[in-house]
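Take a look at the structure set out below.
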Amino acid sequence: MPTRYLLPLLLLLLTISAVVSLKLGVQSFAWSTLWSAWQVSSEVHFVVMEYRLPRVVLALLVGAALAVSGVLVQGIIRNPLASPDILGVNHAASLASLLALLLLPALPLVWLPLIAFAGGCAALVMLHWLTGTASPLRLAVVGVALAACFASVTDYLLLSRPQDVNTALLWLTGSLWGRDWQMVLLALPLPVLLLMSLALCRDLDLLALGDERAATLGVSLHPFQRGVLLVGVALAALAVAVCGPISFISLVVPHLVRRLVGGRHARLLPFSALLGALVLLLADVLARTLSPPMELPAGVITALIGAPWFFWLLIRTR
């Protein structure tokens with residue numbers, strides 16, 4: 001599809017999905033009721049403005065952040081199976097944040113992004129120590145094993161301290177449920193990091209030509225690679241800090257967008273951000289409307305879509 005059609009199509013779908021997300025839920029509103037929600041006197045004003053609108057804003061920011069973090073990590077590692085969730089970064093960020101919630105219950109929420117970022121960086125260091133310059137398949141397999149290990153420790157902490165897990169469970173479901181404007185404030189660094197990633201397009205394209213050619217063309221390899229990885233981990237960790245672990249967006253979306261617009265990062269990054277936002281927004285709408293009044297975590301929907309894609313990539317990479 002020509003990119004001149006893809007951009008307006010994605011923006012149109014995002015707008016429609018955002019409006020539908022405001023309309024649907026455990027209680028769906030008529031269109032006339034929804035339009036009146038902007039008035040303070042409306043009976044649905046609180047639900048729309050304080051419950052559903054921050055949820056839409058977070059879905060847009062977190063979906064875009066996860067997709068862009070996948071593009072950055074795949075661009076640096078040059079591995080089609082690499083993404084923050086497959087490499088264990090998301091689960092390590094979850095575990096670090098859970099430990100902080102359990103051990104320091106009075107800790108202000110503003111510290112969660114930094115703690116999640118530290119956990120994500122620790123996972124990357126551990127993965128590098130275990131695999132070195134291993135093949136893409138081994139890197140992915142070790143990453144999956146590390147992610148399972150971090151998830152197991154997280155489950156053990158939840159089961160062994162049931163009296164302390166209410167807040168943690170709310171956060172760990174990989175869901176947008178219960179997120180309010182306070183969480184949107186916590187996610188405000190995400191737009192800054194997304195803009196920073198756009199400044200990396202030229203050097204990422206040069207890096208795709210190979211290390212030697214990129215160095216010849218003026219790229220400072222090691223500082224640039226470390227900087228891109230830090231931005232990628234920060235995007236994933238901050239997304240985990242506000243919504244919990246949401247799987248496979250960072251793996252699936254970059255692959256889909258690469259097929260649509262090619263590998264030039266000037267197009268790949270912004271289109272991945274738009275499609276990632278759309279995928280999470282739609283997943284959240286489905287999670288709310290499939291079986292009301294019960295609400296599924298949006299992470300379950302993304303996992304159902306992403307897991308078959310990951311197996312297909314594994315088979316193709318063998």
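The values are calculated or read from the model by the stated rules, or taken from the named source; none is laboratory data. Since this is a predicted model, take the numbers as computed values, not measurements. Cβ placement follows ideal geometry from the backbone for every residue including glycine, while neighbour counts extend to all protein chains displayed. Please note that ligands, DNA and RNA were not included when accessible areas were found on the heavy atoms of the full protein model with its side chains. Shrake-Rupley method; radii C 1.70, N 1.55, O 1.52, S 1.80 Å.
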(message) Out of the total accessible area of region 1-60 (probe 1.4 Å, heavy atoms of protein only), what percent is carbon and sulfur?
(response) 70 percent
(message) Calculate log10 I(q)/I(0) of region 231-318 for q = 0.10, 0.15, 0.24 Å⁻¹, where I(q) comes from the Debye formula with a single equal point scatterer on each Cα and nothing for solvent.
(response) -0.29, -0.64, -1.27
(message) Just want to confirm a number: the relative contact order over region 176-262, from Cα pairs under 8 angstrom separated by 6+ residues, in percent.
(response) 32 percent
(request) Might you work out the accessible area of F271 for me, using a 1.4 Å probe with all protein chains in place, and round it to the nearest 10 Å²? (result) 20 Å²
(request) Per DSSP H run of n ≥ 4, the term is -39500 (n - 2.57); total these for the chain, divide by its residue number, and report the mean residue ellipticity at 222 nm rounded to 500 deg cm²/dmol. (result) -23500 deg cm²/dmol
(request) For region 201-318, with all protein chains present and a 1.4 Å probe, just round the carbon and sulfur fraction of the accessible area to a whole percent. (result) 65 percent
(request) With a 1.4 Å probe and every protein chain left in place, tell me how much accessible area S41 has, in Å² to the nearest 10. (result) 110 Å²
(request) Could you tell me which helices of the chain pass both thresholds, a Cα extent of 20 Å or more along their own axis and a mean Kyte-Doolittle hydropathy of at least 0.5, with helices taken as whole DSSP H runs? (result) 3-23, 53-77, 89-103, 112-131, 136-160, 221-243, 265-289, 298-317
(message) For Cα pairs less than 8 Å apart in space and 6+ apart in sequence, what is the mean separation divided by the residue count of region 75-126, i.e. the relative contact order in percent?
(response) 46 percent
(message) Just to be sure I understand: with springs between alpha-carbon atoms less than 10 Å apart, which residue in V192, V56, V141 has the highest mean-square fluctuation in the Gaussian network model of the chain?
(response) V192
(request) Could you tell me, in Å, what Rg and Dmax come out for the Cα atoms of region 1-156? (result) 20.5, 62
(message) Could you tell me the calculated FRET efficiency between L290 and R259, based on Cβ-Cβ distance and R0 = 45 angstrom, to the nearest 0.05?
(response) 0.95
(request) Would you mind giving the three semi-axes, in whole Å and largest first, of the ellipsoid equivalent to region 66-111 according to its Cα gyration tensor? (result) 29, 10, 6
(request) Considering only L13, L176, L139, give the residue with the highest GNM mean-square fluctuation for the chain, with springs between Cα atoms whenever their separation is below 10 Å. (result) L13
(message) Could you tell me the relative contact order of the chain? Use alpha-carbon pairs under 8 Å, at least six residues apart, and round to a whole percent.
(response) 32 percent
(request) Between beta-carbons, use under 12 Å as the cut-off and find the net charge around I301, counting Lys and Arg +1, Asp and Glu -1. (result) -1
